Amino acid sequence: MNELELREVNSYYGKSHILFGVSLDVAQGQVVGLIGRNGAGKSTTLKSIIGIVQPRGGSVSFRGKDICGMPSHRIAKMGVGFVPEDRRVFSDLSVLDNLEIMQNVNPQREGGWTVEKIFDLFPKLAQLRHNRGMDLSGGEQQMVTIARTLMINPAVLLLDEPTEGLAPLIVREIKRLIQEVRKSTTILLAEQNLRFVLDLIDYGYVIDQGRVVLQGTAEELDADEQAKEKYLGV
Amino acid sequence: MDILQIQNVTMSFGKMNALHEVDCAVAPHELVAVIGPNGAGKTTFFNVITGKYKPTQGQVFFKGERIDGLTRSAIINKGIGRSFQVVNLFPDLTVAANVRIGVLAHQKQTLRLFKNVNKMPEVDQEVRRILNLVHLTPEADLVAATLSHGDQKCLEMGMALTNHPELLLLDEPTAGMGPEETRQAIELIKDIWNKTGVTIVFTEHDLDMVFSISTRVLVLQSGRLIADGSVEEIRRDPKVKEAYLGEEA
Amino acid sequence: MMLFVLSAGLNIILGFLGVLNFAHGALFILGAYVTYSVTQMLGDFWLALLIAPLTVGLFGMFIELIFLRPLYKRHHVYTILLTFGLILVIYDIIKIIWGADVKTVVTPPLLTGSFSLFGEIIPLTSVFIILVGGLTAGGLWFLFQKTTFGKILTAISLDREISNALGFNVARRGTLAFGLGALLAGLAGVMGSLKLSIAAGVDAEFLIYSFAIVVIGGVGSFRGTLLASLIVGEMNVLGNVLLPELSMSLIFLLLVVFLTLYPRGMFGREIEQMHVPIVPYLSNLANVFRKLSATQLSLFSSLAAVVLLALVPLALPKYWTYLMAEVMVFALFAISFNVLFGFTGMLSFGQASIFGAGAYSISLMLIHVTGNWWLAFAVSLLVSTGVTVIIGLMSIHRSEIYFGMLTMAFAMLFYSIIYKWNSLTGGADGLSGIPSPVLKFGFTEVEILSPVANYYFILVVVALCYFILRVIMNSPFGQVLLAIRENPIRTEFQGLPVKKYKFIAFVIAGVFTGVAGALFAPLAGTIDALASHWSKSGEPIFMSLIGGISTLIGPGVGTLFYYVLHSYIVSITEYWQLVMGSILILVVMVFPMGITGYAKKFILSLKAS
């Protein structure tokens, strides 16, 4: 059984129709890419899964259970972790508080994420633990948002453009993090940065104008020069 | 002389530089696209020009006159029109009334307290002209909130034209549109550009559209201007390819 | 310290839910009443210390769950109005349970007596209150700085959507936060019961001080609330000794200064505000509104209304003539208020000051200076316009909830001046024996003595004002006001400096509010400080909402409805506040379009089908 299954999802923002029948599968242990340009519908797909956007048609299921229409906090508790694209750390709280408040959302008896494990994975954050969210740089904020979501021990992690607006050095750091996290967590990764995604994913969906236009393994996607040009390229 | 000059503009929010030492200029009657990945600073670029933010550093000139630091309405009254990425109308007013606000402002009629607004033929004529230009004449009496998304975006453009701007800034004019609506919007922009001779600067995520109509393209990445050139130059520029497809790891 | 506990509760509710809880004072006095009952029935004050806050806290959670939760998506004015309605309901519930007479709590033996320190005699109850206040401050500090629960509350108040997506049940914690705020109000009630005579209404003063404290200290900061409570408390004590005339005014002056210069207060953050339309959106029928002009009511029906009103003294008993004259005056008050509210999107609590300025100045002119009504009226208009310009210039720079709070601060300042300036205004007793108008037309003098003559005089003036406002609302200027209501930022981007237009609108509304005040005083013959109390500014809001804020005449219809209903309810039950409060709550929650709004909808749906 797949961790996540989307079938014919149709979503709207107010009056604008954004997703036109998006279907995709995320199998356990995989990193699945959701690739497309700005405005293609990547964020809306992730928001439709976590319930910030309520799809008006189709179904979303997590481990075989229909989660469409549930309030987001229940979906999160079931094990879907969402990392928003615009970061949104809790600006008035310290790095440590940003993490600690998460520890009782979905605790695991053993093997769950703890603040210590997070600090092992993100040594930078350990140094900054007493800094407030608003005093961090963009890259540091991005790390906090990923770490914060890991603290709820998600079975599936939804990552929305983690490299957006970040300098190359930090992008490389984020890549390292994802490679660590994938060992224990299934990941659905939305990105427009193709090069970044291809090294990471097992399988990918290319989305354009709210529709899945192409899917395949990283190799298949990389080999399709025509599609790269048409949907992603310049 | 350049109609718009951006000189060494930096816009910081806390520690983050949304724009970093951006330098560029736009000549009259250009049709310039500003592109870049999400978060590259495109909307901030517009917000700095139209006075939502005062740049942390650097200057903005319109027709040789410095405009950074002026109020929004003062900047608009210099001759700049702006439409918005997220639809930003007067939702409970009719389409005609939406356009009429800007027309009244432009004709300096807004302080008339005792004149019936429905009996102003010059205003009505101008409203009709603009509605005609953006193909919304049949919808004139509908309440704006009930229009389709595509029509709302057209109304946005109509409202940006009410002050007879010399410079029109369009923020993501095709955002949220289906393929057919996008095609129509492109036609409309070209049409306005040809008919009114206005200079247009627009941000856009749809690169096909950008390449089909722009006379010049500016590329932003992480707040920096990484390329500035004709469509052909931009298409070939390796830095731009990298910005979109990712760095070679 | 009692003020600190009360304000801390208000602060939690404002900071966490964005609700300006006017019923906070009513919850406070409810806490005092529960204390009274527990000490009476169980004979134990200490038990009350536990039971009263919990009872009020639970009651608060009930309120949040049933009444407030459905309103968060709407404009904040609706939650404010709802808490207004709750005050009335709670007061009458108190009256039903405890009766109307004043109660006092017997001080428990442990706290009777006093000791002297540095020559001052300090009662033990004061020590107790300081102790409880200190413990509360410590407890809150611990809760929000050291416990996960408190930090989660902070996180949610910073970003509700993401908190929800990370697994926090934001709605449930909202109920808890309101409960905590109410619990603190109840605790303050226990503390207050040791010092105060308990009666519904004594809470109003404390509510106002709490607002001042929360704003001065800063929303979201307990440190600020604590410091501001001490400042306000000290100012009150010292002021009463040194400048008894001015002590209240000084506090409100401080509040005005903070709202104008430092709206975040000493340590606070900005309240998160979303722009949502004031007028509930009429989507399903919207397109039937062909030319959506400001005044849907046709000229013909307006004229018909005037003719009908002219028939009132001929057709109805005398009582009605007086009542309807008053209705017309307050209709003008409400209509001019709604020019700001329903047509420009500005919720002002300061309109009672302007009304009061008009009423007091014409009264003083007629009593002391001249019998010539025109002169007195002209001076009154000048004074009320002056007050309007001052409030307007200071307030228009702030928007939405801050504008509301600033105008309210002005209203309090103005009220405190009238209340304390005994020699001029008669203080709480007010002025009486205000002569009826004598009008000079050329060489003839008409003394308007009889109620009927007075009625027609008022009808002429009010009708004239209505038609002038109608013309203005149909003008290009009126269109700009609608645009500002719909979308102020876009209005700026259409090249219009919004503040300038807001100011002009404020002045226009103020002029007509002043006219209403100037008509009112000679009609009533007396005027007292209550006429300018900020809570009086609540009445036009109520009337506008009942009548419908989307039409010019709506508030007038609402006023008529309010008066007729009020006089009927008073005649059948002593619990009229309960009925009126419930109606207000019902209107806010279920019928936000008001009478004329639904009438318009009905007529349009007939046309459509």
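For segment C:166-212, the solvent-accessible area works out to 23 Å² per residue, with a probe of 1.4 Å and every protein chain left in place. Under the convention that each Lys and Arg Cβ holds +1 and each Asp and Glu Cβ holds -1, the size of the dipole of chain C around its Cα centre is about 1700 debye. Per-residue shielding of A:79-86, expressed as the average number of other chain Cβ atoms within 10 Å of the residue Cβ, stands at 3.
Chains B and C together bury roughly 3400 Å² of accessible surface, counting both sides and using a 1.4 Å probe on protein heavy atoms. What the pair-distance distribution of segment B:4-243 shows, using all Cα-Cα distances binned every 10 Å from zero, is 7, 31, 35, 20, 6, 1, 0 percent. Considering only alpha-carbon pairs that sit under 8 angstrom and 6 or more positions apart, the relative contact order computed for segment B:4-243 is 28 percent. Of the solvent-accessible surface of the protein assembly as shown, computed with a 1.4 Å probe and all protein chains present, 60% belongs to carbon and sulfur. Taken along the Cα-to-beta-carbon direction at a fixed 7 Å, the label points for B:GLU21 and A:GLU110 span 5.6 nm. Think of the protein assembly as shown as having a plus end and a minus end, set by charges on the Cβ of Lys, Arg, Asp and Glu; of C:SER163, A:GLN192, A:LEU128, C:SER163 sits farthest toward the positive end of this dipole. Its alpha carbons give segment A:83-234 an Rg and a Dmax of 16.6, 49 Å. Between the C-alpha center of segment A:32-60 and that of segment C:208-258 there is a gap of 50 Å.
If R0 is 30 Å, the Cβ-Cβ spacing of C:ARG398 and B:ASP191 corresponds to a FRET efficiency of close to 0.10. Farthest toward the positive end of the dipole of chain C, out of C:LEU413, C:MET346, C:VAL387, is the Cα of C:MET346, where the dipole comes from beta carbon charges about the Cα centre.
Between A:ASP25 and A:VAL213, the FRET efficiency estimated from the beta carbon spacing at R0 = 25 angstrom works out to 0.95.
Averaged over peptide B:204-215, the number of partner chain Cβ atoms lying within 10 Å of each residue's Cβ comes to 2.
The sum of -39500 (n - 2.57) across all DSSP H runs of n ≥ 4, divided by the residue count of chain B, sets its helix-only mean residue ellipticity at 222 nm to -10500 deg cm²/dmol.
Under the convention that each Lys and Arg Cβ holds +1 and each Asp and Glu Cβ holds -1, the size of the dipole of the protein assembly as shown around its Cα centre is about 1540 debye. Within the straight-line cut-off of under 16 Å between alpha carbons, the lysines reachable from C:LYS195 are C:LYS103, sequence neighbours fewer than 8 places apart in one chain being disregarded.
Compute the whole-percent fraction of alpha carbon pairs in the protein assembly as shown spaced more than 50 Å apart. Percentage above 50 Å: 32. Maximal additional length on extending the A:SER184-A:HIS130 stretch stands at 16.7 nm, based on 0.36 nm per residue less the C-alpha distance. If you find the alpha carbon centre of segment A:139-167 and of segment C:463-519, how far apart are they in angstrom? Segment A:139-167 and segment C:463-519 have Cα centres spaced 49 Å from each other.
Counting only other chain Cβ atoms within 10 Å of each residue's Cβ, the peptide B:110-121 averages 6.
Per-residue ellipticity at 222 nm from helix content only, as computed over chain C with -39500 (n - 2.57) for each DSSP H run of at least four residues, stands at -23500 deg cm²/dmol. From its DSSP helices (H runs of at least four residues, each -39,500 (n - 2.57)), chain A gives a residue-normalised ellipticity at 222 nm of -8000 deg cm²/dmol.
All Cα-Cα separations within chain C were binned at 10 Å from zero, giving a P(r) of 3, 16, 26, 26, 18, 8, 3, 0, 0, each value a whole percent of the pairs. The long axis of helix A:138-150 is offset from the longest Cα principal axis of chain A by roughly 90 degrees. On the beta carbon distance between C:LEU464 and B:GLU180, with R0 = 56 Å, the FRET formula returns roughly 0.50. Past 24 Å, Cα to Cα: identify those pairs from A:LYS47/A:LYS175; B:LYS42/B:LYS190; C:LYS536/C:LYS601; B:LYS108/C:LYS500, in the order given. Exceeds cut-off: C:LYS536/C:LYS601.
Applying a DSSP loop filter and a limit of 13 other Cβ atoms within 10 Å to the chymotrypsin sites (Phe, Trp or Tyr not before Pro) in segment C:100-131 leaves C:PHE118. Dividing the mean sequence gap of close Cα pairs (under 8 Å, 6+ apart) by how many residues chain C holds gives a relative contact order of 20 percent.
Spatial offset of segment C:70-141 relative to segment B:124-181 amounts to 57 Å, using the alpha carbon center of each. For the residue pairs A:LYS228/B:LYS153; B:LYS119/C:LYS499; B:LYS78/B:LYS119; B:LYS115/C:LYS502; B:LYS78/B:LYS153, the alpha carbons lie more than 25 Å apart in A:LYS228/B:LYS153; B:LYS119/C:LYS499; B:LYS78/B:LYS119.
Charge dipole (Cα centre; +1 on Lys/Arg Cβ, -1 on Asp/Glu Cβ; no other charges) of segment B:4-243 amounts to roughly 820 debye. The Cα-based radius of gyration of segment A:106-184, divided by its Kirkwood radius, gives an Rg/Rh of 0.94. When only Cα pairs below 8 angstrom with a gap of at least 6 residues are kept, segment A:20-77 shows a relative contact order of 24 percent.
Once both labels are positioned 7 Å from their Cα atoms along Cα-to-Cβ, the gap between C:LEU131 and B:SER148 label points is 7.4 nm.
The values are calculated or read from the model by the stated rules, or taken from the named source; none is laboratory data. Since this is a predicted model, take the numbers as computed values, not measurements. Counting neighbours? That spans all protein chains shown, and the Cβs are built from the backbone with ideal geometry, glycine included. When the accessible area is computed, the model is the full protein with side chains, heavy atoms only, and any ligands, DNA or RNA have been set aside. Shrake-Rupley method; radii C 1.70, N 1.55, O 1.52, S 1.80 Å.
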